Structures are given as C-alpha cells and as structure tokens.
Amino acid sequence: MGFREYRIGSILFGVALSSSMMITIYFPGLDISSVSSTSIALEKQLTYGKNSSFDYGDPFVQGKDKPIKVLLKKDPITGATMDDTNAYVFKPGTSLPSGLVHEHIMGAKVQALSVSLGKTNQVDESKGGVFLVQSSVKDGVETPYIEFATATRGWTVEATLAAADQQMLAGSGKTMFVREGCWWCHTLLPEETHDWQSFGRPPVVGDFNGESPTTFGSDRKAPDLLHVGSRNSSKEWMMMHFFNPRLVQPHSIMPRYDYLWGETDKQGNKIDLAKWDEEFNAYREGTRVYPPEVPEYRDDTEIRMLIDFVLNLK
Amino acid sequence: MLKYLFAKEKDIPGGSAALFFGFSCLMWFIVGTGLGSFNAAKLAFPDWFTHSYLLQFGHMRQVHVHTVIFGWIVGAFAASAMYIVPALGNTKLWSEKLGVWNCMLWNIGLMLALSTLWGGLTSGREYSDFIWPIDLYIVIFMVTPLFTNIFMTILHRRTQGIYTTNWFFAGSFFMLIVILLIGNAPEFFHLTGLNEAYMTWWFAHNVLGLLITPVAAAITYYIVPKVTGNPLYSHRVGHLHFWSIVVFYSTPAAHHLMSSPLPEWLKSFASVEGVLILVPAIAYVCNILLTMQGRWSMFVENVELKYTITGVLLAIPLNMQGGFQQTRAINWYVHGTGWIVAHAHLALLGFSTFAEAAAIYYGLQTLLRRKLYSLSLANFHFWMLLIGFSLYWVSMTIAGLIQGAAKIYEVPYLDVVIAEHPYMIVRWLGGTLVFLGNIVWLWNMYMTAKHGNKIEKGVLPHQVAYVR
C-alpha cells in the first residue's frame, strides 16, 4: 500500500470490525441460544414446521411440506373419550422443525425431558408421526416438552387424522402470511410498554425457539395480530373480511384477498369477481339493500390456510 | 455498450463501465419510485387495482424497497466509484471490461431478484427478503467484482496518499460483502428464533450504516472540494468520521428491536452506541459545510452543489432523529409508526439520493464530455425531488405522531386509519412528484448524451458556462 500507516490502518480496520462482530453477533448469539423454550415456542414449532418461507420443501412458497394441527376429543387408537387435545400430525416426509432435528434449539432441560419422557429420539422424518406438547412439574418448576405420541401411545398418522374433530392448516397458513406480506402492516409483536390492553400479552424471550421467520413486522399500519384469535374467533367474519375488508370495516385500507379463493367456490360454482364488484358497488351506493354473498371457500384453497393461521393466533 | 463485453481491454474507452452503470441506475430509479408511488396510492385508495396477485400491496412493497436500494442507490454508488476512484488515483479503472460485465450481471441479477421477489418467493425477512440463491448471486456476481475493481484501482493509483472518499469506497464495498454473507447466515444455515430475528436487523442496520450512509458521504467528500475548488476543511476530521463509522455505526443493530424480548443488556448497549453515531455524523456535516467557506453562492448557482449540499443539510435532521429516536425514552412512542417510515425516506430519498444525484449529474457530464443539456430541467428536477420528498417526510412524520399518540392512549385502530387517511394521500402526491421529476431527469441526461455542448479536453463540466 506504500505507507506504513496504511498497513496499520488495514490491521486496525480488521480488528475494529471483528470486535464489533464479536460483541454484536457472537455474544448475543450465545445468550439467545441459551434460552429455554416456553410451551408457546414448542407449539409454534409443531404448528409451523421447519420454515415458513422459501425452503427446499416449499420452493414456490405455497404452504407445502407443513404439519396439520388437529383437535382430538377421543383417543385415536382406543376410542376412549378425553379432554380436548391438540395434536400435531406430520405426514411421512414432512420436514421436522429445528427443535426435533438439532439438540441445541429447545434448551437443555426441555430437550432432556423431550427425549426421556417424550421419546423424541425415535422420530424419523421419512415415517412421520404425531406430536403433543406436554409439561412436567418437578420441584414446583413447570417444564414443557414435546411428546412423540406415535412412540409413546401408538397414535399413527392415519388413525389420528381419521379421529380428528377439526384439522387446521395453520402451518401452511403462516407461509401464506409471509408470502402475502400481511406482516408489512400487521405486527406479531405487542410492545412491552403499552400494548397490553389493546393487543394482549407481549411475547417473552423463550417464545421463539425454532421459529423461522419470526415476522415481527416493523411498520404497524394495522392492528397487531399476535392474539387476534382470542379477540375474534369467527370464521365467517374472517371470510368476509379477507374477501373484501370494506364489507365489514368501511374505512379499512387492507387489500382484498379475493384471489386466494381460486376459480371456484365450495359448491363448485365459478366465482365471478366482476359481477360481485358490481353488486357491491350498488350496495355501497344504496341501490341494493344487502351486500352480495361472499362465496364459501374450498378446503384446499390458500384462503383456508390463511384463515386457519389467523384463527390459531390465540 | 454490449459490444464491449467481448472487446479487448485496450479497445474499451475509459469510463464505459461508469456510464453504463450511470444510465442503468437512472432507469432503476424511475422504476423504483414509480413502484413507490403506486404502493402509496394503494394505501390511500385500497380499491385501486384489485383482484390481482401481482398488484397487491404485500407483493409490491418489498420490490419498491429493493429496486431503490440495489437498482438506484447501490447502482449509483458503483457508477460514482468507477469514475471517482480513477480520478482520485490519477489512473484508469483497473478493468473496464470487468466493470462492463459487472454492470450487465448487475442488471440481470436485479431482474432475477426482483421478479422472484415479486412472484412471492421470499425469505420473509425485512431488507434481506431475497431468497438465498439470489443472495449468493448478489455477493458473487454483483458486489465482489465491484469491490475487486475498486480496490485494485486504488492499489494501482499513481498518487501517494489515498483520499478520504476512497477510504470509504474501499471500506464500504468490502464491508458489504461481509454483511451480505453474515447477515444472510440465518438462511444459509437455517438459524431460527430470536437469533434469526436479531440477525435480520443486524443485516438491515449494517447495510444502511456501513454502506449507504458512508458511501453517500464519500461522494460529497469528492464533489464539494472538486466543484468549489476549496480543499477539504480537515483530513483529521475525515479520519474521525471514518473510524467512528467503523466502530460506532456497526454495533447498534439491536436498537431496531427495542420493543422485542431481546436480552436487556443488548438493547441498552445498542441504544448507547446508537447515540454515539452522532460522532461520525457531526464530524461529517461540519467538515463538508466548513469546506464550503467563501463559496456559499455556489449552493445557489451550481446545480451539482445544490444537490450535494441539500443532501448534507438533510443529514442533520437525519442523524438527530437517528441518534435519539432509538433511545428507550423516545422509541416506545415512535416505534413501528409512520415516523420511522419518514426517517427511512429521509435517509434514502433525502440525504443519500441527493448526494448520488449530484454524483450522477456531475459524472455523466464528465464521462460524456458534454455539458448538461438543460439547467432549467435540472432545477425543475431538483424542486420536484425536494418538494416531493418534503411532502412525503412531513406527512409521514405527522402520521407517525398521530399513530404514536393513538398507541399510548389505546385508541381503536380503525380510528387511526381514518385519521391517517389525508396524510396517506399527501404521501402519494409527494412520491408521484419524485417519480415524475425522475422521468424529466432521464430525458435531460439522454439529451445531454445526444445534444449537450461538447466539453474540451482539460476542462471540467462545472467550468463551462450554460448556453441554453
């Protein structure tokens, strides 16, 4: 470089940049990675699967390669009645979430319990399986863990899906939430200082282990949604609101998601958006008494995934 | 320009790469601001263009952001570096051929990146939205050739010392490679949870703080002394600026997540470091404004200086906001509101764009050896940009304050949407003015290339009088 000063400068530059990265990446990384999962983090991992954006299992971001969350009222094998239980069904080949693949994601105690009580060491991605979130109390401390119900109770994928009262595609729905850019306006992060009343409990450090992406959102142009399912659990309202938000909130600036319905409705009739618009405009101008009906969506549509995800945000 | 891709190095006229980059970044700027204006219209009038997957706000917002960042801003940096670095080293660009290839790969890469993003292929992480194959493309085919070319030009300089501008060019392009590789590690290695969230903002913070702010400053370090004829006020203060950028600006990433459950020590550390960015900021602004001593009339008379100094003056509110809005005392009020959107546009559309516009105006005239076609159109563009930006900034700041007040008084959210509506319309108007101004600019530069008065050898563009 010609001058001794430039050699010294280059070395100092390297030293400054690497110490900066030591402080801003390595130390925080150590600290954050040592955090133990809460039961919320375990539920999120089992609901959303490995990744909710571009990934090998879902290269076109269509909500593929995701588990199914089911509600059980009876034991799938014995048929005995039991309390309402959420189970997470991974069909064979569905990518497992980080916590089940890597040892250092869930936190040491959660990991140890999941292996000893939950038998998660017997999980095989190619065979799939059914999972539950459980907790164990020891010395007054409650520790959540994942139970591999296929190993502990013999619940198979087919039997569980057949016995399920309700199937939620919330994992695929999170992919829709990411792809459709819902998080550009709706945050998933009630703020610690002042959001308790409006938007509910802010998340804590252990709520995120294994989730990717976390989609906190940074620019809140619309209500926070972290607990929206607790505030509004009406599927019909969601359906109307997604089809045309102005139908239920005349001043809303949310985009319409009518294109997520696909070509036909549940009854197989073609959805005519132009005709719907015409009728809706007539309603808005007062020449029609009732707004047009919102078509019911088919079970394999993207809107179904998205609504399942939103309703699952408790 | 494409004919030079397979030409011999000696057959490529000097400045070809810079010229190629200069015009392509102008075009991306028009696309980017057009998208911005369209997005703003959707926030003001949500029923405008419905039923469409591609024209939905959530699919277009990030395309606007990345077109402006990688197409316009970083493209303009490449154009500026490719004519400023050789000029300061009294030499030629290390490889014009690499530069021309770099520009072509840059445009191909951007088209790939933006169309995949627009189609919904996203990593779901703000500012690092591109999927990882695209991130790798950006590092390997866009940024590394740029850094190599610039760095080798500096090594092969024919002057003794290295001027301030070149420290920043070399340092920032190198840091950009590091930031892109480390900041996208969550995707390369599937890091999850808070680590992923934090690394997202580590990337976003550093791509602004270690690339866009310092390189925009580097441009003004060149333009102001060159056009005024004054030497830089102080190289010592320039040193302070450079080193405090490396030390202070690279550390406050966590202040973007002050309301999230990150470790408290990290947030406090980031907040203190965040205030310390005032050190480089004040050093820089003072240094440039003091360089203007005795030449302030040129701020009005000379169009390149008009842009540059407006940019530098906008850096003052930018850094004052930036230093203080991230402290806990203020952040809880403005976090996640339109205030931050206004601040981001102050950085990119205010400070940085004005500096780059100056570099492109000056650079294209130098490279083409032609005087600007129309001063009136340049002034018209200046005022379209400044008024458009001001409308945007003021309206979004007010909207942000309304949102902040509504947030702490727990006003139902729909009332906030109603209260913000007029400001959303003003925002759209401002963005549209910027977009229209840029079309005029492209036309002006095109006419300069075709019909501008020739500048003789040994004369610099600002030394020639306007005749039109």
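The values are calculated or read from the model by the stated rules, or taken from the named source; none is laboratory data. All values derive from a computational prediction rather than experimental measurement. Virtual Cβ from ideal backbone geometry, glycine too; neighbours counted across all protein chains shown. Surface accessibility is based on the protein's heavy atoms, side chains included, excluding ligands, DNA and RNA. Shrake-Rupley method; radii C 1.70, N 1.55, O 1.52, S 1.80 Å.
Below, the figures for the structure above:
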| read-out | value |
| --- | --- |
| Volume in Å³ per residue [convex hull over Cα atoms, computed for region A:1-116] | 164 Å³ |
| Size descriptor, Kirkwood hydrodynamic radius, that averages inverse alpha-carbon separations across region B:386-437, Å | 11.4 Å |
| Cα point-scatterer Debye curve for region B:93-207, base-10 log of I(q)/I(0) at q = 0.18, 0.21 Å⁻¹ | -0.94, -1.13 |
| Per residue, in Å², the accessible surface of chain B once ligands and nucleic acids are set aside, probe 1.4 Å | 34 Å² |
| Cβ-based charge dipole, the protein assembly as shown, positive-most Cα from A:GLN134, B:LEU181, A:LEU72 | B:LEU181 |
| Under-5 Å amide H pairs with A:SER52, H placed in peptide plane, nonlocal only | A:SER212 |
| Interface residues, region A:173-203 - accessible area loss of 50 Å² or more versus chain alone, probe 1.4 Å | A:ARG179, A:TRP183, A:TRP184, A:GLU191, A:GLU192, A:HIS194 |
| Accessible carbon and sulfur surface of region A:177-311 relative to its total accessible area, %, 1.4 Å | 52 percent |
| Per DSSP, loop GluC sites (Glu not before Pro) in region A:240-314 with at most 16 further Cβ within 10 Å | A:GLU263, A:GLU293, A:GLU296 |
| Region A:19-72 shape via C-alpha gyration tensor axes, a/c threshold 1.5 | oblate |
| Overall form of the protein assembly as shown per C-alpha gyration tensor (a/c, 1.5; a/b vs b/c) | prolate |
| Hull shadow area, averaged, region A:177-311 [alpha-carbon convex hull, nm²] | 9.6 nm² |
| Chain A - accessible surface per residue (Å², probe 1.4 Å) | 45 Å² |
| For region B:297-349 and region B:229-272, distance of Cα centres in Å | 16 Å |
| Helical segments meeting 24 Å axial Cα length and Kyte-Doolittle 1.0 threshold in chain B (DSSP H) | B:16-44, B:164-183, B:375-408 |
| Diffusion constant of region A:39-169 at 20 °C, which comes from Stokes-Einstein with the Kirkwood Cα-pair radius and 1.002 mPa s, µm²/s | 143 µm²/s |
| Between A and B, accessible area buried - total, square angstrom, nearest 100, 1.4 angstrom probe | 6600 Å² |
| Selection from B:ASN90, B:SER260, B:THR33 lying farthest towards where the dipole of chain B points positive, charges on Cβ | B:ASN90 |
| Normalised alpha carbon radius of gyration of region A:145-249 [divisor 2.2 N^0.38 Å] | 1.32 |
| Radius 11 Å from Cβ of B:LEU305, net charge of other residues (Lys, Arg +1; Asp, Glu -1) | +1 |
| All Cα pairs of chain B, percent lying beyond 28 Å | 51 percent |
| Exceeding the 27 Å Cα-Cα cut-off - candidates B:LYS10/B:LYS457; B:LYS306/B:LYS450; A:LYS50/A:LYS221; A:LYS74/A:LYS270 | A:LYS50/A:LYS221; A:LYS74/A:LYS270 |
| Sum of side-chain charges, A:LYS50 neighbourhood, beta-carbon under 14 Å (Lys, Arg +1; Asp, Glu -1) | -2 |
| Rounded, prolate or oblate (a/c below 1.5 giving rounded, otherwise prolate when a/b exceeds b/c) for chain A by Cα gyration tensor | oblate |
| Residue range of chain B that is longest and free of GluC sites (Glu not before Pro) which are both DSSP loop and sparsely packed (at most 13 other C-beta within 10 Å) | B:1-409 |
| Pairs beyond 32 Å (Cα-Cα), from A:LYS127/B:LYS267; A:LYS235/B:LYS42; A:LYS64/A:LYS235 | A:LYS127/B:LYS267 |
| Portion, in percent, of the accessible area of chain B that falls on carbon or sulfur, probe 1.4 Å | 72 percent |
| Distance between region A:1-67 and region B:1-73 - C-alpha centres, whole angstrom | 29 Å |
| Kirkwood Rh in Å, taken over region B:361-453 so that all alpha-carbon pairs contribute | 15.3 Å |
| Share of carbon and sulfur in the accessible heavy-atom surface of region A:39-169 [1.4 Å probe, %] | 50 percent |
| Alpha-carbon centroids, region B:390-468 and region B:122-177: separation in whole Å | 27 Å |
| Low-density loop positions, trypsin sites (Lys or Arg not before Pro), region B:81-174 - DSSP coil, at most 16 other Cβ in 10 Å | B:LYS92, B:ARG158 |
| Chain-alone versus full-assembly comparison, region B:146-189, residues with accessible loss of at least 40 Å² (1.4 Å probe) | B:ILE162 |
| Shielded residues, region B:362-411 - accessible-area loss of 50 Å² or more between chain alone and all protein chains, probe 1.4 Å | B:LYS407, B:GLU410 |
